[in-house]
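Asks: Structure in structure tokens, see below.
Please treat every number below as a calculation from the coordinates, not as lab data. Keep in mind that what you see is a predicted model, and the values were worked out from it rather than measured. FYI the Cβ positions are ideal-geometry reconstructions off the backbone, even for glycines, and counts take in every protein chain you see.
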Amino acid sequence: MAQDVKSSVEAAPRWAMIVDLDRCTGCQACVVACHAENNIPVVNEQQAAYGRWMHWIIVDRYWEGEYPNVKARFTPVMCQQCAQAPCEPVCPVFATYHNREGLNAQVYNRCIGTRFCGNACPYKVRAYNWFEPEFPSPLTEQLNPDVTVRSRGIMEKCTFCIQRIRRAELDAKAQGRQLADGEVQPACVQTCPPSALVFGDLNDPNSQVSQLARSHRSFRLLDELGTDPAVIYLKGGETNVPG
Amino acid sequence: MTGAGVLTGMSPTVRRVALEPFVRPPEEELPGRATWYASTCRQCPAGCGILVRVINGRARKIEGNPAHPLNRGKLCARGQAGLQVLYNPDRLQNAVRQSGGRGSRQFKPIQWTEAIDQLSSAFKSLGAPSRVAFLGGLMSDHLLTLVSGFLKALGAPPPVLFDLHTALEGRAEATDMARRWFGDSQAQGVPLPLYDIARAQVVFSFGANLLETWMSPVAQGRDYGLMRQGQAGGRGLLVQFEPRLSATAASADEWIPVKPGTEGLIALGLGRIIVEDNLGQVGSHSEHAHLYRNVSVTDVADASGVSVETLRRLANAFAAADHSVAIPGGYLAGLGNGSQTMDAVLALNVLMRRLGREGGVFLPHQVPAEPFASSASVSSFAQVTDLIERLKAGQVDILLIHGCNPLYELPQWTGIAEAIRRVPLVISFSSCVDETAVLADLVLPDHTYLEGWGYQVVSPGADRPAVSGQQPVVRPLYDTRATGDVMLALAARIGGQVAQALPWSDEVAFLEQNSAQLLGTSSGIYDAHTPAGFWSLWRQHGGWWTEKPLRDEPEAIGTPTGPLQVSPAVFAGDAQQHPFHLIPYPSLALSDGRGANLPWLQEMPDPMTTASWNTWVELNPATARSLQVDNNDVVKVVSPYGELQAPVVVYPGIRPDAVAIPIGQGHRDYGRFAQGRGSNPLALLAPPSEQARGSWLPWGATRVRIERTGRKQELARVESLDGAGREKLR
């Protein structure tokens, strides 16, 4: 019996994403793909200027140096799906919790909108619905039926497209087989033209993410905080302008 | 649609709509299960293959088609936003006429039969066939073929093709360049060159924003990823030459902030150094030495502001690599000396024997069937200005406009608005009320691309001949009608030669017949025994392409026999009065403005400024300091031809003598998400100088000055300027 429990824990995947900064071109395809897949509302100019935009993934742009030896670098940032997530212990109603596959899950109908999690998140990747989302008809037809439309007062964030994970798992189970590496693709990973994003199971040592995670270029954002993120970045090339 | 509906898309019954109760579920439909349809993205001319996820008759998500040779399952932001073209709340729901006269914006629905009656009687009472004009933009190749056939049979001039997107990517100029270098006198058209970025070790991009909007950004983005990390030979090097650090330059290893208009000189300087020092492993350069006879490297350095040492270092890097490629980009086409500059850049590939070599320059192989032999090109700008002159002179009685919005996309000096007002009957096929539709008598809305049929020959971008097929993925939402069908109905009404030239019952019959021309082609990914079987496979795969990569080696038969020359670029406006070079650039989100009615794209942050929803003016930090302006200060940008106001973005990646403004906003019409928002920098543009002789739109050849207004306007930016982060409270 104990054997069974152990093996089932081992069998659980640890979903992880690789972000290869040497490939990322900042093209924003991931941002729009994420909006389309996850029914993310568009706010408006004024609310966006307040910082109330709802993107689950953004591409940070950092300037380095000064003209003419100036360089801009892109860093896509989404929920880091921390193993030791600062957002989880602060939620008074267990709306944000840790699931068996290492994902920070968000239960929308438990959320009461304290925004403690958004405060606690060192990556600032949680978005809060300040208003009821608006989808002027017939834009409602674009909504993905696999994803809840969140209402006012709810916190939301990147889920690693959990609906796609579940769909792939169910399909594999129905066909009586194991999930193959690369079978689950979040919307951002699927669309990324230069393939800067790779998704897979870190518990499978042969998966593409495991192999890339062992690269000498790999690092994690704010690793010193001990949050143990499941998003692993690969450093970009040495691209500064030679003097 | 509610309650009952037939969903088709793969089955030709889309032509005949039948209402059926749900007790007999529509074919291919399982409640809760998605059906995927292969089609083609029409958000830009690239022609990427898409798969659309359809659940219960609604399109829910667009993905790239993994089997498609161009984009290989990938898609850009604009492609992802295609659902909002289909489900846009400001779409026209039926054919309309302006009841209060043109410009009144009072649109009254009319029956399609009535609209076609009016159109056919106008054609029948036409004085001479030359009094018809068709202005097209981003059209499906099948529609272009139908329209061209219609006009030819009528005896009218061929369609004039112009849209701002292709003007900004320099498509017409690149076609001319390919013709000059690779074409012989018999060739009707030479396809656009392909640059093998994926296998290049060194890429020199001269103003090609190849990771943003230029040509085929998804395919180029994919190639870029491979160039960076996918090559056996190590990481490739990308050097970007342009006055403003674009998002592409941000991904480059080195950005060379070139003085505007001296890009071609730099290319000549690099070539001269390679010839002089006999660099590279390609043997003697004596064959091409004459091209660089008149070049002085020190003069190049003086004119361009790029030091001789830098030029030497770059020339060595370019020549030392086995696989290097130089790309003449769209920005060059906006300069007065554009064609000379593009020649100088392309010559570097000829010099280093990069034609037809891995990581070099190729020409696409033709699709082996007549209907797909010549891909749609664009007209030269001279043809556009000719058309405008004809309109102004009252030589046109019927003007048909499809797939472009000239009132927004052309600068005011062209007089396009006044020219259109002179035409007695103006028909727009726009699916919503844009600036041009406001001046039309009738708006006969075409289906959006997710509801309509078509195909497009992929050019350039794919490594093999490919035709992207477009098919409806949902039933048309509204009482819109395919423009192809309207033209066929019109032809039948007009009768005679026109009806004989266009004998098809509807456009699907035409498509079916054309696709069957590829039947029996052994090189394709599929074949069938019957045309019907072939047509069904065509729709299933989303087009046709060859199984194996197939590209042609260009022959530089048009290499100039004399020395290459790049004359100094002429800029409109006095350097004292107007000290800054204006660099308008296509917005990554909105492209040339056609994305401005899609909320996803409006709120998408610009990659470099992280701004959205508006227009801004990019200034070098030193320039901003000397003008005493900062972020969010509204400035007035004044050219000799116009002015606009917009907030400043202090931008470290631009020359101090230049200002950049994104194109895409500043719509007066075009729906709730677009109108009354920002400004259109085209208002600032000067007419072509003598140098350009009106052959292209010199969108990068105007000077401006900046004036403070004292006003402030906060731009919506994801980047937080005060470090307070998101969810800042007021």
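Asks: Using only C-alpha atoms and all pairs of different ones, pull out the Kirkwood radius for region B:279-398 in Å with one decimal.
Replies: On the way: mean 1/r = 0.0551 Å⁻¹.
When all Cα pairs of region B:279-398 are included, the Kirkwood radius is 18.1 Å.
Asks: Okay, next question. Give the Rg (one decimal place) followed by the Dmax (whole number) of chain B, computed from C-alpha coordinates and expressed in Å.
Replies: When restricted to the Cα atoms of chain B, Rg and Dmax are 25.6, 81 Å.
Asks: Okay, next question. Express in nm, to one decimal, how much length is gained between A:ALA180 and A:SER215 on full extension, taking 0.36 nm for each residue of separation and deducting their alpha carbon distance.
Replies: On the way: separation 35, 0.36 × 35 = 12.60 nm, distance 2.20 nm.
Going from the current span to full extension adds 10.4 nm.
Asks: Would you mind getting the Kirkwood hydrodynamic radius of region B:28-86 from its Cα pairs, rounded to one decimal in Å? Working shown, then result.
Replies: Values: mean 1/r = 0.0862 Å⁻¹.
Computed over region B:28-86, the radius equals 11.6 Å.
Asks: Highest mean first, what order results for B:213-226, B:45-58, B:546-559 on Cβ atoms within 10 Å? Could the numbers behind the result be given before it?
Replies: Numbers: B:213-226: 26.7, B:45-58: 24.0, B:546-559: 15.6.
By packing density, highest mean first, the sequence is B:213-226, B:45-58, B:546-559.
Asks: Please report the antiparallel percentage of DSSP beta bridges with both residues in region B:580-717, rounded to the nearest 5. Kindly include the intermediate steps, with their values, before the conclusion.
Replies: Numbers: 17 of 27 bridges.
Beta bridges within region B:580-717, antiparallel portion: roughly 65 percent.
Asks: Rounded to the nearest 5, what % of DSSP beta bridges with both residues in chain B are antiparallel?
Replies: On the way: 48 of 86 bridges.
Expressed as a percentage, antiparallel bridges in chain B total about 55.
Asks: Can you give me the pair-distance distribution of region B:206-327, C-alpha pairs, 5 Å bins, whole percents?
Replies: Here the calculated profile for region B:206-327 is 2, 11, 19, 21, 19, 15, 10, 3, 0.
Asks: Out of B:GLY700, A:TYR62, A:ASN99, whose Cα points farthest toward the positive end of the dipole of the protein assembly as shown (charges: +1 Lys, Arg; -1 Asp, Glu; placed on Cβ)?
Replies: Farthest towards the positive pole: A:ASN99.
Asks: Another question about this same structure. Compute the distance from the alpha-carbon center of region B:473-496 to that of region B:89-132, in whole Å.
Replies: 14
Asks: Still on this structure, I have one more. For every other residue with a beta carbon closer than 11 angstrom to the beta carbon of B:ALA622, add +1 if it is Lys or Arg and -1 if Asp or Glu, then tell me the sum. Before the final figure, lay out each step's value.
Replies: Values: positive: B:ARG625, B:ARG655; negative: A:GLU66, B:ASP657.
Neighbourhood net charge equals 0.
Asks: Where the centre of each part is set by its Cα atoms, how far does region B:365-439 sit from region B:529-571, in angstrom?
Replies: Answer, in whole Å: 25.
Asks: Rounded to two decimals, what is the ratio between the C-alpha radius of gyration of region A:92-243 and 2.2 N^0.38 Å?
Replies: Details: Rg = 18.3 Å, N = 152, 2.2 N^0.38 = 14.8 Å.
For region A:92-243, the normalised Cα radius of gyration comes out at 1.23.
Asks: Relative to the Cα centre, what is the charge dipole magnitude of the protein assembly as shown, using +1 at the beta carbon of each Lys and Arg, -1 at the beta carbon of each Asp and Glu, and rounding to the nearest 20 debye? Could you put the intermediate results ahead of the total?
Replies: On the way: 88 positive and 94 negative charges, 305 e Å.
The calculation lands at about 1460 debye.
Asks: Whose amide H sits under 5 Å from the amide H of B:TYR585, counting only residues 5 or more places off or on another chain, with H placed in the peptide plane?
Replies: Correct list: B:ILE661, B:ILE663.
Asks: B:VAL433: net charge of surrounding residues, Cβ under 10 Å, Lys/Arg +1, Asp/Glu -1, itself excluded? Kindly include the intermediate steps, with their values, before the conclusion.
Replies: Working: positive: B:ARG91, B:ARG105; negative: B:ASP90, B:ASP434, B:GLU435, B:ASP669.
Net local charge, B:VAL433 excluded: -2.
Asks: If we sort A:225-233, B:73-81, A:64-72, B:647-655 on the protection proxy, mean other Cβ atoms within 10 Å, highest first, what's the order? It would help to have the intermediate numbers written out before the result.
Replies: Numbers: A:225-233: 19.2, B:73-81: 27.3, A:64-72: 16.8, B:647-655: 23.9.
Top of the packing list down: B:73-81, B:647-655, A:225-233, A:64-72.
Asks: While we're looking at this one, here's another question. Positive end of the charge dipole of the protein assembly as shown (Lys, Arg +1 and Asp, Glu -1 on Cβ, about the Cα centre): tell me which of A:THR191, A:HIS35, B:PRO31 has its Cα farthest that way.
Replies: Farthest towards the positive end: B:PRO31.
Asks: On C-alpha positions alone, give me the angle between the axis of helix B:171-182 and the longest principal axis of chain B, in degrees, nearest 10.
Replies: So the helix axis and the longest Cα principal axis differ by about 70 degrees.
Asks: In chain B, with Lys and Arg counted as +1 and Asp and Glu as -1 at Cβ, which of these residues, B:ALA572, B:GLN645, B:VAL308, has the Cα nearest the positive end of the dipole, that is, farthest along it?
Replies: B:GLN645
Asks: Also, quick follow-up: Angle check, please: helix B:141-154 long axis (alpha carbons) against the longest principal axis of chain B (alpha carbons), in degrees 0 to 90, nearest 10.
Replies: 70
Asks: For the protein assembly as shown, give me the percentage of DSSP beta bridges that are antiparallel, rounded to the nearest 5 percent. Kindly include the intermediate steps, with their values, before the conclusion.
Replies: Values: 67 of 109 bridges.
Within the protein assembly as shown, antiparallel bridges account for around 60 percent of the total.
Asks: If you put +1 on each Lys and Arg Cβ and -1 on each Asp and Glu Cβ, how big is the dipole of region B:584-662 around its Cα centre, in Debye rounded to 20? Each step should come with its number before you reach the end.
Replies: Working: 4 positive and 8 negative charges, 17 e Å.
With only Lys, Arg, Asp and Glu charged at Cβ, the dipole is about 80 debye.
Asks: If one computes the Cα centroid of region B:598-633 and of region B:51-70, what distance in Å separates the two points?
Replies: Distance between centres, Cα-based: 34 Å.
Asks: Still on this structure, please answer the following. Once fully extended, how much extra length lies between A:GLN46 and A:HIS98, figured as 0.36 nm per residue of separation less the alpha-carbon to alpha-carbon distance? Walk me through the numbers on the way to the answer.
Replies: Details: separation 52, 0.36 × 52 = 18.72 nm, distance 3.45 nm.
Length gained between A:GLN46 and A:HIS98: 15.3 nm.
Asks: Another question about this same structure. Evaluate the Debye formula for the protein assembly as shown with equal point scatterers sitting on the alpha carbons, no solvent, and hand back log10 of I(q)/I(0) at q = 0.07 Å⁻¹, in q order, two decimals.
Replies: Reported log10 I(q)/I(0), two decimals: -0.58.
Asks: How big is the charge dipole of chain A about its Cα centre, in debye rounded to the nearest 20, if each Lys and Arg gets +1 on its Cβ and each Asp and Glu gets -1 on its Cβ?
Replies: On the way: 24 positive and 26 negative charges, 58 e Å.
So the dipole magnitude of chain A works out to roughly 280 debye.
Asks: With axes computed from alpha carbons, what is the tilt in degrees of helix B:531-541 against the longest principal axis of chain B, rounded to the nearest 10 within 0 to 90?
Replies: The two axes meet at around 50 degrees.
Asks: Still on this model: Where Lys and Arg each count +1 and Asp and Glu each count -1, what net charge lies around B:GLU719 among other residues with Cβ under 9 Å from its Cβ?
Replies: On the way: positive: A:ARG61, B:ARG717; negative: A:ASP60.
Every neighbour counted, the sum reads +1.
Asks: Shifting gears a bit: Once you have the Cα-Cα distance between B:ARG235 and B:GLN577, take 0.36 nm times their residue separation minus that, and quote the gain in nm to one decimal. Can you show the working numbers first?
Replies: On the way: separation 342, 0.36 × 342 = 123.12 nm, distance 4.59 nm.
Result for the pair: 118.5 nm of gain on full extension.
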